[in-house]
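I have placed the structure first, in the form of C-alpha coordinates, so that the comments after it can refer back to it.
The values are calculated or read from the model by the stated rules, or taken from the named source; none is laboratory data. The structure displayed is predicted, hence computed values, not measured ones. Cβ: placed from backbone, ideal geometry, glycine included. Neighbour counts: every protein chain shown. To get the accessible areas, we keep the full protein, side chains included, count just its heavy atoms, and leave off ligands, DNA and RNA. Shrake-Rupley method; radii C 1.70, N 1.55, O 1.52, S 1.80 Å.
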Amino acid sequence: AALPEDCVVLIGGDGPMLPQFKAMVAARGLADKVQLLGHVADHELESHFEACDIFCMSSTVRAEAYGVAMLEAMMMGKPAVATDIAGSGVPWVNRHGETGLNVPAGDAAALAGALRRLVDDEPLRRRMGAAARQRYEDHFTAATMSAHVLELYASLLTSPPSGRS
(Lines give C-alpha, C1' and ligand atoms only; values in the text may rest on other atoms or scores of the structure.)
Protein backbone atom coordinates (compact mmCIF):
# COMPACT_ATOMS: atom_id res chain seq x y z
CA ALA A 1 0.00 0.00 0.00
CA ALA A 2 2.96 2.36 0.61
CA LEU A 3 4.28 2.03 -2.95
CA PRO A 4 3.27 4.35 -5.80
CA GLU A 5 -0.04 3.63 -7.50
CA ASP A 6 1.66 2.57 -10.74
CA CYS A 7 3.66 -0.20 -9.00
CA VAL A 8 2.49 -3.76 -9.42
CA VAL A 9 3.67 -6.29 -6.89
CA LEU A 10 3.80 -9.91 -8.02
CA ILE A 11 4.22 -12.48 -5.27
CA GLY A 12 5.05 -16.04 -6.22
CA GLY A 13 4.69 -19.07 -4.03
CA ASP A 14 1.99 -21.12 -2.45
CA GLY A 15 1.31 -22.76 0.83
CA PRO A 16 -1.35 -23.12 3.48
CA MET A 17 -1.51 -19.35 4.14
CA LEU A 18 -2.19 -18.34 0.50
CA PRO A 19 -5.98 -18.05 1.01
CA GLN A 20 -5.40 -15.87 4.09
CA PHE A 21 -3.01 -13.62 2.15
CA LYS A 22 -5.50 -13.32 -0.72
CA ALA A 23 -8.18 -12.27 1.76
CA MET A 24 -5.83 -9.66 3.26
CA VAL A 25 -5.08 -8.20 -0.18
CA ALA A 26 -8.79 -8.02 -0.99
CA ALA A 27 -9.71 -6.51 2.40
CA ARG A 28 -7.15 -3.72 1.94
CA GLY A 29 -8.38 -2.97 -1.57
CA LEU A 30 -5.05 -3.89 -3.16
CA ALA A 31 -6.22 -6.51 -5.67
CA ASP A 32 -5.26 -4.30 -8.64
CA LYS A 33 -1.80 -3.64 -7.21
CA VAL A 34 -0.82 -6.91 -5.51
CA GLN A 35 -1.13 -10.17 -7.41
CA LEU A 36 -0.60 -13.44 -5.58
CA LEU A 37 0.49 -15.81 -8.32
CA GLY A 38 0.59 -19.03 -6.34
CA HIS A 39 3.05 -21.62 -7.57
CA VAL A 40 5.28 -20.31 -10.36
CA ALA A 41 6.52 -23.08 -12.65
CA ASP A 42 10.27 -23.31 -13.21
CA HIS A 43 9.88 -22.56 -16.92
CA GLU A 44 8.13 -19.26 -16.05
CA LEU A 45 10.70 -17.96 -13.55
CA GLU A 46 13.12 -16.41 -16.04
CA SER A 47 10.41 -14.27 -17.64
CA HIS A 48 9.33 -12.99 -14.22
CA PHE A 49 12.91 -12.06 -13.34
CA GLU A 50 13.37 -10.34 -16.70
CA ALA A 51 10.17 -8.34 -16.29
CA CYS A 52 10.79 -7.09 -12.77
CA ASP A 53 12.63 -3.92 -11.81
CA ILE A 54 13.37 -4.97 -8.22
CA PHE A 55 13.43 -8.34 -6.51
CA CYS A 56 12.16 -8.44 -2.93
CA MET A 57 12.80 -11.24 -0.49
CA SER A 58 10.89 -10.40 2.65
CA SER A 59 11.43 -13.60 4.60
CA THR A 60 11.25 -13.30 8.36
CA VAL A 61 12.64 -16.65 9.49
CA ARG A 62 16.10 -18.17 9.39
CA ALA A 63 14.82 -21.08 7.29
CA GLU A 64 15.75 -18.81 4.36
CA ALA A 65 19.39 -19.64 4.86
CA TYR A 66 20.80 -18.37 1.59
CA GLY A 67 18.29 -16.94 -0.85
CA VAL A 68 18.60 -18.96 -4.06
CA ALA A 69 15.75 -17.03 -5.69
CA MET A 70 17.58 -13.82 -4.84
CA LEU A 71 20.67 -15.16 -6.62
CA GLU A 72 18.55 -15.93 -9.67
CA ALA A 73 17.39 -12.30 -9.69
CA MET A 74 20.97 -11.07 -9.24
CA MET A 75 22.02 -13.24 -12.19
CA MET A 76 19.48 -11.26 -14.23
CA GLY A 77 20.93 -7.94 -13.02
CA LYS A 78 18.14 -7.06 -10.61
CA PRO A 79 18.76 -5.19 -7.36
CA ALA A 80 17.31 -6.85 -4.27
CA VAL A 81 15.53 -5.62 -1.21
CA ALA A 82 15.94 -8.32 1.40
CA THR A 83 15.48 -8.81 5.10
CA ASP A 84 18.53 -8.97 7.32
CA ILE A 85 17.76 -12.33 8.89
CA ALA A 86 20.10 -12.96 11.83
CA GLY A 87 22.20 -16.06 11.33
CA SER A 88 21.41 -16.44 7.64
CA GLY A 89 23.50 -15.85 4.54
CA VAL A 90 20.96 -13.46 3.02
CA PRO A 91 22.72 -10.20 4.03
CA TRP A 92 26.05 -11.69 2.92
CA VAL A 93 24.66 -12.46 -0.53
CA ASN A 94 22.87 -9.12 -0.90
CA ARG A 95 25.43 -6.46 0.01
CA HIS A 96 23.58 -3.52 1.55
CA GLY A 97 24.12 -0.36 -0.46
CA GLU A 98 25.96 -2.25 -3.21
CA THR A 99 23.74 -4.93 -4.77
CA GLY A 100 20.55 -3.84 -3.04
CA LEU A 101 19.18 -2.91 0.33
CA ASN A 102 18.73 -4.99 3.48
CA VAL A 103 16.18 -4.10 6.15
CA PRO A 104 15.33 -5.60 9.55
CA ALA A 105 13.14 -8.70 9.31
CA GLY A 106 9.52 -7.97 10.19
CA ASP A 107 9.82 -4.20 9.72
CA ALA A 108 7.17 -3.44 7.09
CA ALA A 109 7.87 0.31 7.10
CA ALA A 110 11.58 -0.25 6.44
CA LEU A 111 10.78 -2.76 3.69
CA ALA A 112 8.39 -0.33 2.00
CA GLY A 113 10.92 2.50 2.39
CA ALA A 114 13.70 0.50 0.76
CA LEU A 115 11.44 -0.54 -2.10
CA ARG A 116 10.26 3.04 -2.55
CA ARG A 117 13.86 4.27 -2.60
CA LEU A 118 14.70 1.95 -5.51
CA VAL A 119 11.41 2.60 -7.30
CA ASP A 120 12.03 6.36 -7.15
CA ASP A 121 15.72 6.31 -8.09
CA GLU A 122 16.29 4.68 -11.47
CA PRO A 123 20.06 5.42 -11.62
CA LEU A 124 20.53 3.80 -8.19
CA ARG A 125 18.39 0.84 -9.27
CA ARG A 126 20.47 0.37 -12.42
CA ARG A 127 23.79 0.74 -10.55
CA MET A 128 22.77 -1.80 -7.89
CA GLY A 129 21.41 -4.15 -10.56
CA ALA A 130 24.75 -4.06 -12.40
CA ALA A 131 26.59 -4.66 -9.11
CA ALA A 132 24.26 -7.57 -8.35
CA ARG A 133 25.06 -9.15 -11.71
CA GLN A 134 28.79 -8.63 -11.10
CA ARG A 135 28.60 -10.14 -7.60
CA TYR A 136 26.83 -13.15 -9.07
CA GLU A 137 29.55 -13.53 -11.74
CA ASP A 138 32.36 -13.10 -9.19
CA HIS A 139 31.07 -15.41 -6.48
CA PHE A 140 28.09 -17.56 -7.39
CA THR A 141 28.50 -19.18 -10.79
CA ALA A 142 28.79 -22.96 -10.74
CA ALA A 143 32.43 -22.74 -11.89
CA THR A 144 33.41 -20.23 -9.20
CA MET A 145 31.64 -22.05 -6.39
CA SER A 146 33.14 -25.41 -7.48
CA ALA A 147 36.62 -23.87 -7.52
CA HIS A 148 36.10 -22.51 -3.98
CA VAL A 149 34.97 -25.91 -2.71
CA LEU A 150 38.01 -27.60 -4.30
CA GLU A 151 40.30 -24.97 -2.74
CA LEU A 152 38.73 -25.62 0.65
CA TYR A 153 39.19 -29.39 0.31
CA ALA A 154 42.80 -28.92 -0.77
CA SER A 155 43.53 -26.68 2.21
CA LEU A 156 41.96 -29.22 4.57
CA LEU A 157 44.04 -32.03 3.11
CA THR A 158 47.31 -30.11 3.45
CA SER A 159 46.87 -28.81 7.00
CA PRO A 160 46.63 -30.99 10.10
CA PRO A 161 43.31 -30.96 11.96
CA SER A 162 43.11 -28.56 14.94
CA GLY A 163 44.38 -30.04 18.14
CA ARG A 164 46.45 -32.68 16.39
CA SER A 165 50.02 -32.64 15.27
(Q) I want to confirm something. Restricting to the stretch 49-72 and keeping residues that are within 21 Å of residue 90 (Cα to Cα) and over 12 Å from the mean Cα position of the chain (by Cα), which single residue is surrounded by the fewest Cβ atoms within 10 Å (Cβ to Cβ)? (A) 63
Q | Test result for residue 116, touching a residue at least 60 places away in the same chain (Cβ under 8 Å), under 20 Å from residue 81 (Cα atoms) and either open to solvent by 80 Å² or more (accessible area, probe 1.4 Å) or touching a Leu at 6+ places or on another chain (Cβ under 9 Å) (or both) | A | yes
Q.
Only one of 125, 62 is basic (Lys, Arg) and assigned to a loop (DSSP other than H, G, I, E, B). Can you tell me which?
A. 62
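Hey, any hits in the stretch 13-27 for a residue that's under 18 Å from the mean Cα position of the chain (by Cα) and not hydroxyl-bearing (Ser, Thr, Tyr)? I'd like the intermediate steps shown before the answer.
Going residue by residue through the stretch 13-27, those that are under 18 Å from the mean Cα position of the chain (by Cα) are 13-14.
The next check asks that each one be not hydroxyl-bearing (Ser, Thr, Tyr); those that pass are 13-14.
Yes, some residue in the stretch 13-27 is under 18 Å from the mean Cα position of the chain (by Cα) and not hydroxyl-bearing (Ser, Thr, Tyr).
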Q.
What pairs come out if I take residues in the stretch 21-47 that are polar (S, T, N, Q) and pair them with residues that are surrounded by 10 or more Cβ atoms within 10 Å (Cβ to Cβ) whose C-beta lies under 9 Å away, six or more apart or interchain?
A. 35/8; 35/9; 35/10; 35/11; 35/25
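Being closer than 25 Å to residue 118 by Cα and not β-branched (Val, Ile, Thr) is the filter; apply it to the stretch 7-20 and report the residue that is most open to solvent (accessible area, probe 1.4 Å).
Of all residues in the stretch 7-20, those closer than 25 Å to residue 118 by Cα come to 7-13.
With the extra rule that they be not β-branched (Val, Ile, Thr), the set shrinks to 7, 10, 12-13.
Details: 7: 22, 10: 89, 12: 52, 13: 36 Å².
Selected residue: 10.
Yes or no: residue 103 surrounded by 15 or more Cβ atoms within 10 Å (Cβ to Cβ) and not in a helix (DSSP H, G or I)? If you could, list the steps in order and put the result at the bottom.
Details: surrounded by 15 or more Cβ atoms within 10 Å (Cβ to Cβ): yes; not in a helix (DSSP H, G or I): yes.
Judged against the criteria, residue 103 is a match.
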